[in-house]
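To start, the structure under review is shown below, and the notes come after it.
The values are calculated or read from the model by the stated rules, or taken from the named source; none is laboratory data. All figures in this text were calculated on a predicted structure; none of them were measured in a lab. Note that each Cβ is placed from the backbone with ideal geometry, even for glycine, and that neighbours are counted across all protein chains shown. To get the accessible areas, we keep the full protein, side chains included, count just its heavy atoms, and leave off ligands, DNA and RNA. Shrake-Rupley method; radii C 1.70, N 1.55, O 1.52, S 1.80 Å.
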Amino acid sequence: MASKGTRKRPDKTNGGSGDRPSGKKKRSKLRSCCFWVCAPAAVLLAALGVGMYLDYRRWERREVGMMSLSPDTVLANETSYPVDEEIDPAGEMIVLKTHFEPFVLASMAKLVLDPVGFFTTRDLDSLRSWREPVRELSSFGASHFAPFLPPPAGYSVLGAAYEIIPVNLKLATGLLSSDRYFPPKVSNKEVILHRLLGLFHPRPFVCIRFAPQGAVATVRAENERWVDVVFRIHAEFQLNESPQYPFWFMPAQFTGNIVLTRDASRVRHFHLYVPTNRPINAVLEWLDTPGNESHEVDAGYIPRMELTSVAPSSPVLIHQEDGSYMDQRQAQLTEEPKIFLEEDYADIQWNSEISMEEAMRSLELKMYPFKTVPYYNFTEAFSRAESENKLVHSILLWGALDDQSC
């Protein structure tokens, strides 16, 4: 929880990553093998060559968890790298539509507390200019969504939460550096999440700086062929590039569900969104002064960040009666399905299922163990206190404890 609109920057003595003695040991070892790492970038570049220089900077960002904002290290900031996956021609593909409505600047506290600064500062330029998504329509292979599937034991216990991306930080002390522009290289299950979130902005971070990190999911319904998976993702976006100072945009959460076959050969439905049921659903954080030990922090409301499937997945190669076929990968993407399959219009008969509310509750508990203690809104708390003859402990927050808007 931020205090007075600021958040203390990570301690650079340990790379901003909390208790990480191993990172310090590795850095010392590298210094003894090469030379003092604080030499100007030009010296490092001349001595190591471009390839080895960039390899070192990648290592520094990955292992130490921080990047200097000095001009000497601008070369270390790689440009955004393309993340893509081939669509299997023997499989199926699905088209997703991106829905995006810009952040409501008037929802920020800064407008009330510092109206002159709000309208004159350039710190918010990247937020003001983020008016549309990266892409409106995008295609994915059905098999690309396999990371959402549960482990084998997850099918039999509905509501049992499992990790898509594991949580690597401790809830109280975990921290990653804020002095970064570009996300680290993604791999394995991170790839699909990076691709999905990259439809909103080109620099998504699927591993956020603050706990609770990661992505979790649970099975809401299942039968012999289909499974309905509800998920929750904590991610953030870097809106700025060098030489501007970093500007972080962190939605409260991404949640949604996907209905797919147990072997991920078909996807019938996909939906991902930022909840909008609360007046604050995003946190902003930026550095406005060189050498400032605290970041500016504000919060506000984004009306819509959402991905929806336009139709169930369909075969990549659509065969015609004359023996020819159409390759959907080469066709222009539209919201109209290219083929209709009979099973897409029949209701799925589940063998077992729980409510969407129960599934989401399970994911809340996985991310925030303190939710095992019931919390009530202001009015309900007093009625329950009266009926149970108990006192009321009232907590006033700027944001919410059970999502990333606080």
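Among the listed residues 298, 322, which satisfies the condition of being over 30 Å from residue 154 (Cβ atoms) and in contact with a helix residue (DSSP H, G or I) (Cβ under 9 Å, 6 or more places away or on another chain)? Full working, then the answer.
Values: 322 fails: in contact with a helix residue (DSSP H, G or I) (Cβ under 9 Å, 6 or more places away or on another chain).
When all the criteria are applied, what remains is 298.
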**Asked** Conditions: (1) crowded, with 18+ Cβ neighbours inside 10 Å; (2) out of contact with any Ser or Thr (no Cβ under 6 Å at 6 or more places or on another chain). Residue 335 meets all but one. Number of the miss?
**Response** (1)
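So for segment 204-219 (the condition being β-branched (Val, Ile, Thr) and in contact with a His (Cβ under 8 Å, 6 or more places away or on another chain)), does at least one residue qualify?
Of segment 204-219, the ones β-branched (Val, Ile, Thr) are 206, 208, 216, 218-219.
If we keep only those that are in contact with a His (Cβ under 8 Å, 6 or more places away or on another chain) as well, we get 206, 208.
Yes, because at least one residue in segment 204-219 is β-branched (Val, Ile, Thr) and in contact with a His (Cβ under 8 Å, 6 or more places away or on another chain).
Being surrounded by fewer than 16 Cβ atoms within 10 Å (Cβ to Cβ) and under 20 Å from residue 257 (Cβ atoms) narrows it down to one residue among 163, 132; which is it? Break it down stepwise before answering.
Values: 132 fails: under 20 Å from residue 257 (Cβ atoms).
Going through 163, 132 in turn, just one is surrounded by fewer than 16 Cβ atoms within 10 Å (Cβ to Cβ) and under 20 Å from residue 257 (Cβ atoms): 163.
Just a yes or no: is a residue in segment 127-136 assigned to a helix (DSSP H, G or I) and touching a helix residue (DSSP H, G or I) at 6+ places or on another chain (Cβ under 6 Å)?
Step one: of segment 127-136, the residues assigned to a helix (DSSP H, G or I) are 127-129.
Those left that are additionally touching a helix residue (DSSP H, G or I) at 6+ places or on another chain (Cβ under 6 Å): none.
No, segment 127-136 contains no residue that is assigned to a helix (DSSP H, G or I) and touching a helix residue (DSSP H, G or I) at 6+ places or on another chain (Cβ under 6 Å).
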**Complete:** Counting only residues in segment 95-118 that are open to solvent by less than 40 Å² (accessible area, probe 1.4 Å) and part of a loop (DSSP other than H, G, I, E, B), the one nearest to residue 315 (Cα to Cα) is identified as 102
**Asked** So which of 173, 98 is modelled with pLDDT of 95 or more and either closer than 21 Å to residue 285 by Cβ or under 21 Å from the mean Cα position of the chain (by Cα) (or both)?
**Response** 98
**Single residue of 313, 324, 352 found to be closer than 15 Å to residue 142 by Cβ, small (Gly, Ala, Ser) and either open to solvent by less than 70 Å² (accessible area, probe 1.4 Å) or at pLDDT below 80 (or both)** = 313
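Checking the structure you have, find out if any residue of segment 277-296 is more than 30 Å from residue 347 (Cβ to Cβ), of a type in the set (Ser, Thr, Tyr) and open to solvent by 10 Å² or more (accessible area, probe 1.4 Å).
Within segment 277-296, the first condition is being more than 30 Å from residue 347 (Cβ to Cβ), and the residues that meet it are 278-296.
This time we only want the ones that are of a type in the set (Ser, Thr, Tyr), so: 289, 294.
Then drop every residue that is not open to solvent by 10 Å² or more (accessible area, probe 1.4 Å), which leaves 289, 294.
Yes: segment 277-296 contains one or more residues that are more than 30 Å from residue 347 (Cβ to Cβ), of a type in the set (Ser, Thr, Tyr) and open to solvent by 10 Å² or more (accessible area, probe 1.4 Å).
Considering only residues that are part of a strand (DSSP E or B) and open to solvent by 10 Å² or more (accessible area, probe 1.4 Å), which ones fall in segment 251-275?
257, 259, 268, 269, 271, 273
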**Complete:** Only unsatisfied item for residue 395, checking (1) β-branched (Val, Ile, Thr); (2) at pLDDT below 80; (3) in contact with a helix residue (DSSP H, G or I) (Cβ under 8 Å, 6 or more places away or on another chain), is (3)
**Request:** Scan segment 176-213 for residues that are open to solvent by 30 Å² or more (accessible area, probe 1.4 Å), modelled with pLDDT of 85 or more and not in a loop (DSSP other than H, G, I, E, B) and jot them down.
**Result:** 190
**Complete:** Cβ pairs under 8 Å, 6+ apart or interchain, first in segment 119-140 and closer than 24 Å to residue 97 by Cα and of a type in the set (Lys, Arg), second part of a loop (DSSP other than H, G, I, E, B) and at pLDDT below 95, ordered by first then second residue, are none
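Taking residue 134, is it in contact with a His (Cβ under 7 Å, 6 or more places away or on another chain), modelled with pLDDT of 95 or more, closer than 30 Å to residue 265 by Cα and not small (Gly, Ala, Ser)? If you could, list the steps in order and put the result at the bottom.
Numbers: in contact with a His (Cβ under 7 Å, 6 or more places away or on another chain): yes; modelled with pLDDT of 95 or more: yes; closer than 30 Å to residue 265 by Cα: yes; not small (Gly, Ala, Ser): yes.
Yes; evaluated as a whole, the condition is true for this residue.
I'd like to check something: does segment 381-388 contain any residue that is surrounded by 15 or more Cβ atoms within 10 Å (Cβ to Cβ) and more than 30 Å from residue 111 (Cα to Cα)? Steps first, please.
Kept after step one, since they are surrounded by 15 or more Cβ atoms within 10 Å (Cβ to Cβ), are these residues of segment 381-388: 381.
Applying the additional criterion that residues be more than 30 Å from residue 111 (Cα to Cα) yields 381.
Among the residues of segment 381-388, at least one is surrounded by 15 or more Cβ atoms within 10 Å (Cβ to Cβ) and more than 30 Å from residue 111 (Cα to Cα), which makes the answer yes.
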**Item:** Selection count, segment 276-307, where residues are in contact (Cβ under 8 Å) with a residue 60 or more places away in the chain, in a loop (DSSP other than H, G, I, E, B), out of contact with any Leu (no Cβ under 9 Å at 6 or more places or on another chain) and under 23 Å from residue 203 (Cα atoms)
**Value:** 5
